[in-house]
Amino acid sequence: MRGRRSPRAGNQAAEVTRFRARLLELSTTVSTHPFWDSVEAGDRVGARMALKHAHEPAEA
């Protein structure tokens with residue numbers, strides 16, 4: 001059976017492909033959203049990094 005994948009492995013590979021496509025779609029949506037035009041160009045990277053952590057609880 002060398003070189004052959006089980007149907008489950010094929011399904012998992014297809015699911016990974018779908019997830020990666022969705023991730024790319026969402027990343028593009030966020031990074032090109034008109035909101036970023038309201039943030040100074042030099043502050044955008046920092047603002048996007050802060051957005052990545054917005055769901056975390058604030059430090060005490």
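The values are calculated or read from the model by the stated rules, or taken from the named source; none is laboratory data. Fair warning: this is a prediction, and the values are worked out from it, not measured in the lab. Cβ sites come from the backbone with ideal geometry, for glycine too, and all protein chains shown count toward neighbours. Please note that ligands, DNA and RNA were not included when accessible areas were found on the heavy atoms of the full protein model with its side chains. Shrake-Rupley method; radii C 1.70, N 1.55, O 1.52, S 1.80 Å.
Consider the candidate values [x] 18.7, 57; [y] 11.0, 34; [z] 11.9, 36; state which one is Rg and Dmax of the Cα atoms in Å computed from the structure displayed.
It is the value labelled [x].
With charges only on Cβ, +1 for K and R and -1 for D and E, what is the dipole size of the chain about its Cα centre, in debye, rounded to 20? Walk me through the intermediate numbers first.
On the way: 10 positive and 7 negative charges, 177 e Å.
I would put it at about 860 debye.
Give the residue from V45, L24, S6 lying farthest towards the positive end of the charge dipole for region 1-57; charges sit on Cβ (+1 for Lys and Arg, -1 for Asp and Glu) and the dipole is referred to the Cα centre.
So the residue furthest toward the plus end is S6.
Would you work out what percent of the accessible area of the chain, with all protein chains in place, is carbon or sulfur (probe 1.4 Å)?
Numbers: 3370 of 5790 Å².
The computed percentage sits at 58.
Could you work out the longest stretch of the chain that avoids the trypsin sites (Lys or Arg not before Pro) located in DSSP loops with at most 14 other Cβ atoms within 10 Å? Before the final figure, lay out the partial values.
Values: sites that count: R2, R4, R5.
With a cap of 14 other Cβ atoms within 10 Å, the longest stretch comes to 6-60.
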